[in-house]
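J.: Dumping the structure here so I can ask a few things about it.
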Amino acid sequence: MWGDMQDRYVGDIGDFAKFSMLQSVSEERSLGVAWYRYPDENHNADGKHVAYLDAPETWRDRSPQVFDVLGEMVKRNERSLAMVERSRLFPDATFSNQILETTEVSSLKRQEWRRNWFRTVSDDLSSCDIVFADPDNGLRSDRKFRFGAKKQWKSIPVSEARVLATDRPAIIYHHNSRFKGGHEAEIGHWQEALDCDFAIRVRYSNVRTYFFLNADAALKERARSWVVNFGRGSEKVVVHEP
């Protein structure tokens, strides 16, 4: 089932922050992860931001276990989501990892295939009480999401985010873009679209935002504590609340 898909990202500084955050906020909860695994692309240098591993004096104590596990993966050239699943980072988590690959599916049947894929994701994670969705590009409005356009599968439509957050918290990854008005405006836009009152922006190599849907008080408190520890008072990691 596993192949050389979007594994090139694994172990970069964005993953270090992401997995550290997930460990912190999902403690004592049943975590489900929807990878939104898109076939690997090699047209750019994404996934090469691993220089932080050469500075353990600066980074390791922010999240020692995550630092060590990712460091070993990079060192052994074993960067893959499969290795993350098998690692000690999330021993009790449930993963939905079906590849978003439709090479043998005609364009006319892609919409049906994609809808069935998401139903599988929903079923896989039905017993989890907190869910994380990890699409490469993040959020996209339903109005602009074209099921037949395969490249758009690197995004998550707002409707799917809402389904994943039904009766439980869900954390949705978003890769910030060149949104008119800048990152502040972009985050505010998606918070309004998602009816989300809590988000974390992380600025290391690229700008990413994690939107927390249906976040309860305990989840927000854990997230704030992680921001204080990992961000160390810098503006690289900040909380966004309306």
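J.: Name the residue that is nearest to I99 (Cα to Cα), counting only residues in the range 150-168 that are in contact (Cβ under 8 Å) with a residue 24 or more places away in the chain, in contact with a Lys or Arg (Cβ under 8 Å, 6 or more places away or on another chain) and not aromatic (F, W, Y).
T.: Once the filter is applied, the top-ranked residue is K150.
J.: Sticking with this one: Does S122 meet the test of being open to solvent by 70 Å² or more (accessible area, probe 1.4 Å) and either in a helix (DSSP H, G or I) or out of contact with any helix residue (DSSP H, G or I) (no Cβ under 9 Å at 6 or more places or on another chain) (or both)?
T.: Numbers: open to solvent by 70 Å² or more (accessible area, probe 1.4 Å): no; either in a helix (DSSP H, G or I) or out of contact with any helix residue (DSSP H, G or I) (no Cβ under 9 Å at 6 or more places or on another chain) (or both): yes.
The answer is no for S122.
J.: Can you find, within the range 30-46, the residue that is modelled with the lowest pLDDT among those that are under 14 Å from the mean Cα position of the chain (by Cα) and part of a loop (DSSP other than H, G, I, E, B)? Break it down stepwise before answering.
T.: Initial filter on the range 30-46 (under 14 Å from the mean Cα position of the chain (by Cα)): 31-38.
The next check asks that each one be part of a loop (DSSP other than H, G, I, E, B); those that pass are 35-38.
Details: W35: 96, Y36: 95, R37: 92, Y38: 87.
Ranking the qualifying residues of the range 30-46, first place goes to Y38.
J.: Tell me which residues, restricted to the range 165-186, are basic (K, R) and under 21 Å from R222 (Cα atoms).
T.: R168
J.: Does at least one position in the range 56-78 carry a residue that is touching a Gly at 6+ places or on another chain (Cβ under 6 Å) and crowded, with 18+ Cβ neighbours inside 10 Å?
T.: Within the range 56-78, one or more residues are touching a Gly at 6+ places or on another chain (Cβ under 6 Å) and crowded, with 18+ Cβ neighbours inside 10 Å.
J.: Could you grab me the full set of residues in the range 178-199 that are among the charged types (D, E, K, R) and outside any loop (DSSP other than H, G, I, E, B)?
T.: E184, E186, E192
J.: Would you tally the residues in the range 132-177 being farther than 27 Å from Y204 by Cα, open to solvent by 60 Å² or more (accessible area, probe 1.4 Å) and assigned to a helix (DSSP H, G or I)?
T.: So the count comes out to 5.
J.: Can I ask one more? Filter the range 186-223 down to the residues that are farther than 19 Å from H175 by Cα and surrounded by fewer than 15 Cβ atoms within 10 Å (Cβ to Cβ) and list them by number.
T.: Scanning the range 186-223 gives D216, A217, A218, E221.
The values are calculated or read from the model by the stated rules, or taken from the named source; none is laboratory data. Here the structure is a predicted model, which means the values were calculated and not measured. Virtual Cβ from ideal backbone geometry, glycine too; neighbours counted across all protein chains shown. Surface accessibility is based on the protein's heavy atoms, side chains included, excluding ligands, DNA and RNA. Shrake-Rupley method; radii C 1.70, N 1.55, O 1.52, S 1.80 Å.
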